[in-house]
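What follows is calculated from the coordinates using simple rules that are stated; it is not laboratory data. The structure presented is a predicted model; accordingly, all values stated were derived computationally and were not measured. Don't worry about glycine lacking a Cβ; one is built from the backbone with ideal geometry, like all the others, and counts go over all protein chains shown.
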Amino acid sequence: MTTPKIPLIAQKTKRQITGIFVLVILLYIASAFITNAYPNRILDGLPIIYHFIIHDLLPPNWSYYTSVLKRLLETWNIALLSSTISAIVCLPLSFLAARNINRNTIFYSIVRFGFNILRTIPDLVLAVIVVAIVGLGALSGMLTLFIFSLGILAKLLSETIEAIDPGPLEAIRATGGNVFQVIAYGAIPQIMPHYASYSLFILEINVRASVVLGFVGAGGIGMILKQQLALFNYGNAAIIIMVTFIVVSAIDIISNNLRERLV
């Protein structure tokens, strides 16, 4: 008498996985049909891309690099200031958005809802609004990235606070410690490595985002890139793209190494 084989995956689970897989494929097909993003159109565009790179972008105008470096420094300053200010402001606010620190359910829900609103606004839309209020320039970019970073940092940090070891918090409360002592001696020592890592991560995001925000007038190197493309100065645009790629890649590598050491 043979022993019946027990399948590694239940038949019901197999049917569910197959159904989900088919549904995802159908969604991709529907998306390609609605947007006309057929593979043959992408292949037809490859020669155009090749011609643009070889005959328009190359060779770069190396003499334009001095103007690029000035704007690149402005881009770095926008990202650094917005990241630093958002990291400072988000630290106390994150404790208000953590359930194990802020035990007032109504207040906790209001703070969480506010941060959710900040994260739902795309950075480009936010930049357009800020530029309309403040005007063109680096200040608009800095304010935009500050608001944008605040929502992301507060979300990451508040979830980290909620996941910390509750033992030290309860011990401080049991000895009569107030909420500030709970935060200072129970929570902050546990979250500091993550806090530093998240701050560096936000700096990486803001360096890249500040380049894009320049296209809507929020300062930085994106503004001159838009100008040079509009004037068909592709040699200048090429050196802007090359220098930006090198600098942003270097910042990412340094930041990743620092974050690996912190966490």
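Per residue, how much space in cubic angstrom lies within the convex hull of the C-alpha atoms of the stretch 5-121? Write down the numbers at each step before the final one.
On the way: hull volume 35.5 nm³, N = 117.
Looking at the stretch 5-121, the number lands at 304 Å³ per residue.
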Let me check I have the definition right: for the stretch 202-249, take the eigenvalues of the Cα gyration tensor, multiply each by 5, take square roots. What are those semi-axes in whole Å, largest first?
19, 13, 5
List every DSSP H helix in the chain whose Cα atoms extend 24 Å or more along the helix's own long axis and whose mean Kyte-Doolittle hydropathy is at least -0.5.
11-35, 65-96, 138-162, 188-213, 234-262
Charges at C-beta only: +1 for Lys and Arg, -1 for Asp and Glu. How large is the resulting dipole of the chain about its Cα centre, in Debye rounded to 20?
700
Would you give the gap between the C-alpha center of the stretch 50-117 and the C-alpha center of the stretch 190-263, rounded to a whole Å?
9
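Counting Lys and Arg as +1 and Asp and Glu as -1, each charge on the Cβ, what is the dipole of the stretch 80-195 about the Cα centre in debye, to the nearest 20? Walk me through the intermediate numbers first.
Details: 6 positive and 5 negative charges, 40 e Å.
Once rounded to the nearest 20, the dipole reads 180 debye.
Only helical DSSP H runs with n ≥ 4 go in: add -39500 (n - 2.57) per run for the chain, normalise by residue count and round the 222 nm mean residue ellipticity to 500 deg cm²/dmol. Present the calculation step by step, with values, prior to reporting the outcome.
Numbers: 10 runs with 197 residues, N = 263.
Dividing the helical sum by the residues of the chain leaves -25500 deg cm²/dmol.
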Residue among Tyr195, Gly114, Phe21 farthest towards the positive dipole end of the chain, charges placed on Cβ:
Phe21
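Determine the gain in length on full extension of the stretch Arg41-Phe107; use 0.36 nm per residue of separation and subtract their C-alpha separation, reporting nm with one decimal. Spell out each step's value before the answer.
On the way: separation 66, 0.36 × 66 = 23.76 nm, distance 5.23 nm.
Going from the current span to full extension adds 18.5 nm.
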Scattering from the C-alpha atoms of the stretch 182-263 alone, worked out with Debye: what is log10 I(q)/I(0) at q = 0.13, 0.19 1/Å?
-0.55, -0.83
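What ranking, highest mean first, results for peptides 241-250, 40-49, 144-153 when packing means the other Cβ atoms within 10 Å averaged over each residue?
Numbers: 241-250: 15.1, 40-49: 9.3, 144-153: 24.0.
The packing order, highest mean first, is 144-153, 241-250, 40-49.
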Placing +1 on the Cβ of each Lys and Arg and -1 on the Cβ of each Asp and Glu in the stretch 65-262, which of Leu229, Phe245, Ala98 has its Cα farthest towards the positive end of the resulting dipole?
Leu229
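Take the alpha-carbon positions of the chain, form their convex hull, and give its projected area averaged over all directions (one quarter of the hull surface) in nm². Please report the intermediate quantities before stating the final value.
On the way: hull surface 97.4 nm².
With every direction weighted equally, the projected area is 24.4 nm².
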Within the under-15-Å Cβ sphere about Ile106, not counting Ile106, Lys/Arg +1 and Asp/Glu -1 give a net charge of +3
